[in-house]
Structure formats: C-alpha cells, structure tokens
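Working notes for the structure below.
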Amino acid sequence: MTSSFSRSEAILPGIVGLVAIAGAIGAVVLEARWIALGLMIVAAIAAAAGLWVATHLRTGVARAIRVCDALGRGDFETRDLEFDQWGMVGELSDAINDMADHIDAFVRESSAAMDAVRHNRYYRRILPDGMRGALLRASSTINEATDMIQERVEAFNVSTEEFASTINSIVENLIASSQGMGEAATRMGDGAGSTDNRASSVVATSRDASSNVQRVAEAAGRLSSSAKGIGGEVERSATIARTAVARAEETGRIVSGLSAAAEKIGAVIGLIDQVAGQTNLLALNATIEAARAGEAGRGFAVVASEVKNLAEQTAKATGEITRHIAEVQSATRAAVDSILGIGGTIAEIDAITGAMRTSVEAQITATGDIARSVGNAFEGTRAVSDNIEGISDIARETAHLAHGILDTSRTISAEGDRLSGTVRDFLIRLRRGPLDRRHHAEPRVPAGHTVTVIGETGRERAVCVDVSMSGAKLAGTLPGLHVGERLALSGAPDVQCPCVVRWIQDGEFGVEFLSAELSRAAIERLRGLVDTARAA
Amino acid sequence: MATQIIPTQREVTFGPDEIIVSKTDLKGRITYANRTFANIAGYSRGELMGAPHSIIRHPDMPRAVFKLLWDRLGEQHEVFAYVKNMTRHGDYYWVFAHVTPSYDDTGKVVGYHSNRRVPDRRVIREVMEPVYGELLRIEASHANAKDGLRASFGRLLDIVKSKANSYDELIFSL
C-alpha cells in the first residue's frame, strides 16, 4: 500500500499536465497542430485527474483534521472510519488511527493504573506491550512510581501498625499503671483516713489518759504530802510514847519506893506493936501490983487500966495500920504491875510507832516515786498525744495527697483512653483517607435501611448509613468483627454483596465491596440505591 | 456468522508490539477496529463495523468468562481476560484483552474499548486452558444453558476466591 508510486499520486497528474503543456507549446512552435491538440487534451485529463486526486486528498485531510482536532480535545473515541482508502489518504488515516490507538491505550492504561493506586490497589501496572518511545518511557516511569508508592504505603502500613501497637501497649501500660496507682492511692487514702480516725480517737484517749495521769499526779502529790504529815504525827506520837515510857518507869520507881516505905512503916508498926504488948504486960503487972498495994494503989490501978486500954487500942490501931499497910503494899504492887504493864504497852506503841515511821517513810518515798513517775507519765502521754496529733495531721495530708493522686491517676487513665482513641482515630483516618477519596470519587449516597450482615461467625442486623458502588458505611456492633473480615451484606431478598471490612470505629464500620464477586443482581441493587438517592 | 465457521486447530499470532484495538457500542456492536484486528481476524474493517463482537468468539471460550466481563463492565470496571478468539477461517489466536468503558464529556458510558495484547504463553498453557476447559465442561454438563452458566460462573468465582483477594489481583499475579 505504501509504495513510492502511490505516494506520487499528488504530484503525478501535475507533472503529466506540465509535461503535456510543455509538449503542446513545443508542438505549437513547430506548428504541429494535431500533436499540440493531443497534448492539450492529455494536459486537460491530467488536470482533471489532479483535481480528482486533490479532492480525494482534501476530503482525506479534512477527516484527518477532524480526527486530530478531536484527539487534540482529548476525545479518544473518534477515529477515521473511512477504512482502506487508497494512496496517502489511506496511510494517513491508518497512521492517525494507530497513533490514536496507542495514545488511547496509554491514557487508559495509565489512568486505570493510577485509579487502582487511588483505590489502594498496587498490583495494577501499565502493560508496556504495544507501547513505544515516550509512551513506553512514561509507562515505565508510572510503573516505577507505583512500585515506589506501594513500597511506601507498605512501609507506612508497617510503621502505623507498629506505631499503633506501640502506642496501644504504652497506653495499656499507662492505664494499668494509673489504675494501679489509683488503687494504691485509694488504699493509701483509706489507710490514711483510718489512721486519722484511729489517731483522732487515740488523741482523745491520750488526752483523757493525760488528764487522768495529771489527776493521779496531783493525788500522788497530795498523798505524798499527807504521808509526810502522817510521818510528822507518827514522830510526835513516838516522842510522846517515849516520854510516857520514861514517866511510867519513873512512876514505877516512885511506886516501888512507896512499897519500900510501906514495908518500913510495917517494921515500925511491928516495933509499936511490940511496945504496945510490953506496955500491956506492964499495965497488967501494974494492976497486980496496984491490987496488992490496995487502996493506995487504987489510983494507980486506974492508970494501970488506962494504960492497959491504951495498949490495947494501940495494938488494935497497929493491927489496923498493918492491915492498911498490907493493902497499900498490895495496891502498890498492883500499881507497879500496872505501871509496868503501861510501860510495856507504851514500849509496844513505841515499837509500833517506829515500825509505822519506817512504813510512813517508805510510803513517802513510794508516793514521791509515784508522783515523779506519774509526772513523767503525764509528760509522756502529752508527748504521745502531741505526736499522735502530728500523725493525724500527716494522715490527713496523706489522705489529701492520695485524693490528689487518685484524681491524677483518673486523669492519666482518661488521658490514656483519650490518647488511645486519638491515635486510633488518627490511624483510622490515615488509613481511611484513600477509601474516603474513593467514596468521593464514587458518589456516596445516604441510605438508612436495615441490612443483614453475614459474617464468619453468624448473622447480625445493621443499619446501612450510606452506600456507593464500591462500598458502604454501616452502623451496628457485631461481636468479633475485625478489619479484613469478609462479609456479605443483604439488603434485599436473594441479593448478597460480598465485601471486606476496611475500618471499625465508634459502632460504625466501613466495607469495600468485592466488585469481582458482585452478582448482576447485586450491582443492579446498588446502582438502584445510588441512582434513586441521587435523583432524590 | 460465527456458527457457520468450523474451528480449526491452527493458531495465528500477532507481534508483541502490536495491539489489537476495537471499540463497541453499549450492545457490543463494533464501532471501530484497527488494522491489526482486521489483519489477524481475516475480516475487512468495513465488514467488522457494526458486527457483534462475538463474531470472533471461539467455541472453546466458557460463557462464564464473558458474564464476568460484562458484569464488571456494568460496574464500570476495567476487565482483563485471557481470551481465545477465532478468525474468519476458524483459526484461533489467544489475546490478553483489556476492556474499559468509554465515557463522554458528561461522564456517561457511551461504549467499550478493548486493547488486546500478546498473552504470556505459559499462563495460557498452565492456567487458562485447564481452567477454561473445566468451566466449559461444567457448562456443557447442564442441559439448561442458564444452569450451566450459573454453575460455571460459581466455579470461576470459587477459583478466584481460592487464589487471591480479587479477580484483578489474580490476573495480575499470573
């Protein structure tokens, strides 16, 4: 087709015409009229052929211009559909169509590859077959870029996974630690509270004890001084007893003297009695003599009788005195005995008093010791009381601190939760970014109907929040749902849309439909939902 | 027309830097074919214009593959498929077809575009011929064509699911 002859189509009639006209002119000069006429006819035919060829070329070029215009506008649907044209027009047409086909292929391949990247699918590469030159180089560049993006996305995913797990473990540790801290703080607060209570009650008790001890100390002091008083009294009574003993001994001695005097009186009385007896005998003798002397002796006889009477009376008186002296002697002996008894009693009293004094002295020492000890005890209990008040203050402060720590630990725990949530949201947003963009690319429409979610573990109901041809957002909590899980959604009888869970957050989850597995009915159902909602 | 052609066991090929290009309307009627297409299929481009694309369908191709292709195009997805085609003379040629929707300026799908490249012969031999053979047997084993198609399509999806996350991923992993 592309022979050099066919390419001369544009100029061949002109050359023939020009040669014919030149020949004709030569023939006119040579006056060969018929030859000139013949050549003129040839020239005319050549002109007509040239015109025809030009028309053919013009329409061919016009089509080429139209196609090129369309291609220039980016319309790759347009081709030159006048096939198998002869000559250069046919070549031009095929060349333009081939060019359009190759650029079209490149545009479709590159946009499909880039669209796949936009949808996070990195296996889609531009097929280099059929590409040449700049298109092949551009294809290689785009494929290399896709490789790079894939590597980076994978690295990014690995990094975010690591980041997420690291943050999660940190946050878990943080929350666990802060919970432990909170529990410890609670226990500490409880302990401090109970310490405070106990300390308070100990303080009260210790104050009571202190005042009791103080009273005891005072009593001990009084006891000590009263013991000292008793000691004085005892000393005085001992002195008195000693004086009494001395006096009793002296009295004894006096009474003993009295007894001796009485015995001497008795001896004197015996002498008197002897005198009286001899007197009586003398009187008797006198009487006898008087009687012999008769009347002369009568007066004498009377004196003799008187003397006799006197002697008798003296005998009687001495008898009485002797009896009295005997009484005196027996009374004196009794008195001596009594005095001796008194002396013994007083000596006993003295001995007792001595013992008492020893006891009282011991008592004084003891009460002094007691008073000192009690004073020490009082000081001690007051110090204990002060210390316990200090402990109580510390316990209150500790309880306050424990509350503070508990608050802090709650704050840490809440902040940990918040950090965890923020990181989770951040990572979800980070990973969901491309999916969201896909949703923007694929019109996403609000839904609101209930769907059955058929998962690996069973069936659950969920609400379809919004839907597009490529995915859906659902509200509902499914036990054990995880990212990457394969599900099937059923929103209408006998229609199931296979899909994969891409994200889960706050009771909602997003699925991407497995487009290769969607049945015609499922596609129609989805398109129906999208179109109806868009029309509304 | 295709029914009148008796398949031969002759294979024809095209160059690795060549692309077979065709465009169809929404119903699959050819609206453009390039020279390579015309040359290998043995039809003139004038003959191909307006003809159904199934003019080159080979009876060895399971219908499930075309169902998958049309389903995916219905979702406005590009489709890759290894396809065994048949020339006017009954000869066959394998292609690695890439079919995409064509849009107008308002974003409406106005037709489909197919670029076919020389396939990897290893994939044809080791994967496509056994799989397509199985699907074809499934389709043939049902008296009712509809049942056969459902069974073989189900089997195709099972094969995809067992090997990869998606059909595209499977195709690109081959």
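The values are calculated or read from the model by the stated rules, or taken from the named source; none is laboratory data. Because the structure is predicted, anything quoted here is derived from the model rather than measured. A quick note on method: Cβ atoms are made from the backbone with ideal geometry, for glycine too, and the neighbour counts reach across all protein chains shown.
Within the option set A:512, A:517, being at pLDDT 85 or above and either hydrophobic (A, V, I, L, M, F, W, C) or surrounded by 15 or more Cβ atoms within 10 Å (Cβ to Cβ) (or both) holds for one residue only, A:512.
Of all residues in the range A:376-396, which are acidic (Asp, Glu) and without any contact (Cβ under 8 Å) to a residue 24 or more places away in the chain? Once the filter is applied, which keeps residues that are acidic (Asp, Glu) and without any contact (Cβ under 8 Å) to a residue 24 or more places away in the chain, the range A:376-396 yields A:379, A:386, A:393.
Return yes when residue A:219 is part of a helix (DSSP H, G or I), surrounded by 14 or more Cβ atoms within 10 Å (Cβ to Cβ), of a type in the set (A, V, I, L, M, F, W, C) and without any contact (Cβ under 8 Å) to a residue 60 or more places away in the chain and no when it is not. Answer is yes for this residue.
Name every residue in the range A:24-59 that is basic (Lys, Arg) and within 18 Å of residue A:13 (Cβ to Cβ), in order of residue number.
Of all residues in the range A:24-59, those basic (Lys, Arg) come to A:33, A:58.
A:58 - this is the single residue of the range A:24-59 that is basic (Lys, Arg) and within 18 Å of residue A:13 (Cβ to Cβ).
Determine if the range B:102-109 includes at least one residue that is in contact with a helix residue (DSSP H, G or I) (Cβ under 7 Å, 6 or more places away or on another chain), within 14 Å of another protein chain (Cβ to nearest Cβ) and in contact (Cβ under 8 Å) with a residue 24 or more places away in the chain. Checked against the condition, which is being in contact with a helix residue (DSSP H, G or I) (Cβ under 7 Å, 6 or more places away or on another chain), within 14 Å of another protein chain (Cβ to nearest Cβ) and in contact (Cβ under 8 Å) with a residue 24 or more places away in the chain, the range B:102-109 yields no hits at all. Evaluation of residue A:167 against the conditions (1) touching a residue at least 24 places away in the same chain (Cβ under 8 Å); (2) within 24 Å of residue B:166 (Cβ to Cβ); (3) of a type in the set (A, V, I, L, M, F, W, C) shows that the sole unmet condition is (2).
Taken together, the residues in the range A:14-48 that are of a type in the set (A, V, I, L, M) and either at positive phi or crowded, with 16+ Cβ neighbours inside 10 Å (or both) amount to 12. Filtered by the rule that a residue be away from every other protein chain (no Cβ under 14 Å) and among the polar types (S, T, N, Q), the range A:477-511 gives A:477, A:490, A:505. Checking each residue in the range A:397-422 for being among the β-branched types (Val, Ile, Thr) and farther than 22 Å from residue A:170 by Cβ picks out only A:398.
Scanning the range B:41-54 for residues that are touching a helix residue (DSSP H, G or I) at 6+ places or on another chain (Cβ under 9 Å) and buried (at least 18 other Cβ atoms within 10 Å of the Cβ) yields a count of 4. Scanning the range B:66-84 for residues that are polar (S, T, N, Q) and under 8 Å from the mean Cα position of the chain (by Cα) yields nothing. Test residue B:117 against the stated conditions and say whether it is within 17 Å of residue B:174 (Cβ to Cβ) and either within 11 Å of another protein chain (Cβ to nearest Cβ) or buried (at least 21 other Cβ atoms within 10 Å of the Cβ) (or both). So residue B:117 passes the test.
May I ask you to list the residues in the range B:132-174 that are part of a helix (DSSP H, G or I), within 12 Å of chain A (Cβ to nearest Cβ), in contact with a helix residue (DSSP H, G or I) (Cβ under 8 Å, 6 or more places away or on another chain) and not aliphatic (A, V, I, L, M)? Let's see the steps before the verdict.
We begin by selecting, within the range B:132-174, every residue part of a helix (DSSP H, G or I); these are B:132-140, B:145-163, B:167-173.
Narrowing further to those that are within 12 Å of chain A (Cβ to nearest Cβ): B:149-150, B:153-154, B:156-161, B:163, B:167-173.
If we keep only those that are in contact with a helix residue (DSSP H, G or I) (Cβ under 8 Å, 6 or more places away or on another chain) as well, we get B:149, B:153, B:156-157, B:159-161, B:163, B:167-168, B:170, B:173.
B:153, B:161, B:163, B:167, B:168, B:173 - these are the residues of the range B:132-174 that are part of a helix (DSSP H, G or I), within 12 Å of chain A (Cβ to nearest Cβ), in contact with a helix residue (DSSP H, G or I) (Cβ under 8 Å, 6 or more places away or on another chain) and not aliphatic (A, V, I, L, M).
When residue B:27 is tested against (1) under 14 Å from the mean Cα position of the chain (by Cα); (2) more than 14 Å from every other protein chain (Cβ to nearest Cβ), only condition (1) is not met.
Only residues that are touching a Pro at 6+ places or on another chain (Cβ under 8 Å) and either under 15 Å from residue A:456 (Cβ atoms) or of a type outside the set (Asp, Glu) (or both) were counted across the range A:488-521, and they come to 4.
Taken together, the residues in the range B:51-81 that are within 13 Å of another protein chain (Cβ to nearest Cβ) and either polar (S, T, N, Q) or under 17 Å from residue B:40 (Cβ atoms) (or both) amount to 1.
Within the range A:57-103, which residues are among the acidic types (Asp, Glu) and touching a residue at least 40 places away in the same chain (Cβ under 8 Å)? If you could, list the steps in order and put the result at the bottom.
Taking the range A:57-103 first, the residues among the acidic types (Asp, Glu) are A:69, A:75, A:77, A:80, A:82, A:84, A:91, A:94, A:98, A:101.
Result: A:91, single match.
Could you tell me how many of the residues in the range B:80-108 are modelled with pLDDT under 90 and at negative phi? Residues that pass the stated criteria total 5.
Go through the range A:460-477 and count every residue that is in a loop (DSSP other than H, G, I, E, B) and within 39 Å of the chain's Cα centre (by Cα).
2
Mind checking which residues of the range A:512-527 are more than 7 Å from every other protein chain (Cβ to nearest Cβ) and in contact with a helix residue (DSSP H, G or I) (Cβ under 9 Å, 6 or more places away or on another chain)?
A:512, A:513, A:519, A:524, A:527 - these are the residues of the range A:512-527 that are more than 7 Å from every other protein chain (Cβ to nearest Cβ) and in contact with a helix residue (DSSP H, G or I) (Cβ under 9 Å, 6 or more places away or on another chain).
Given the structure, is residue A:323 out of contact with any Ser or Thr (no Cβ under 8 Å at 6 or more places or on another chain), basic (Lys, Arg) and either surrounded by 15 or more Cβ atoms within 10 Å (Cβ to Cβ) or more than 24 Å from residue A:269 (Cα to Cα) (or both)? Break it down stepwise before answering.
Details: out of contact with any Ser or Thr (no Cβ under 8 Å at 6 or more places or on another chain): yes; basic (Lys, Arg): yes; either surrounded by 15 or more Cβ atoms within 10 Å (Cβ to Cβ) or more than 24 Å from residue A:269 (Cα to Cα) (or both): no.
So residue A:323 fails the test.
Every condition in (1) part of a helix (DSSP H, G or I); (2) under 30 Å from residue A:67 (Cβ atoms) is met by residue A:153 except one, and the failing one is (2).
So that you can scan it fast, the table gives a plain yes or no per residue for (1) at pLDDT 85 or above; (2) at the interface with chain B (Cβ under 8 Å from one of its Cβ atoms); (3) assigned to a helix (DSSP H, G or I); (4) at positive phi:
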site	(1), (2), (3), (4)
A:79	yes, yes, no, no
A:82	yes, no, no, no
A:89	yes, no, yes, no
A:94	yes, yes, yes, no
A:107	yes, no, yes, no
A:113	yes, no, yes, no
A:123	no, yes, no, no
A:138	yes, no, yes, no
A:141	yes, no, yes, no
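Being more than 60 Å from the chain's Cα centre (by Cα) and surrounded by 18 or more Cβ atoms within 10 Å (Cβ to Cβ) is a description that does not apply to residue A:164. Could you tell me whether residue A:512 is out of contact with any Cys (no Cβ under 7 Å at 6 or more places or on another chain) and among the charged types (D, E, K, R)? For residue A:512, the condition - out of contact with any Cys (no Cβ under 7 Å at 6 or more places or on another chain) and among the charged types (D, E, K, R) - is not met. Could you grab me the full set of residues in the range A:478-506 that are closer than 12 Å to residue A:521 by Cα and in a loop (DSSP other than H, G, I, E, B)? Scanning the range A:478-506 gives A:493, A:494.
Among the residues of the range B:3-24, count how many are surrounded by fewer than 20 Cβ atoms within 10 Å (Cβ to Cβ) and more than 8 Å from chain A (Cβ to nearest Cβ). Working first, answer last.
Filtering the range B:3-24 down to residues surrounded by fewer than 20 Cβ atoms within 10 Å (Cβ to Cβ) leaves B:3-17.
If we keep only those that are more than 8 Å from chain A (Cβ to nearest Cβ) as well, we get B:3-15.
Residues in the range B:3-24 being surrounded by fewer than 20 Cβ atoms within 10 Å (Cβ to Cβ) and more than 8 Å from chain A (Cβ to nearest Cβ): 13 in total.
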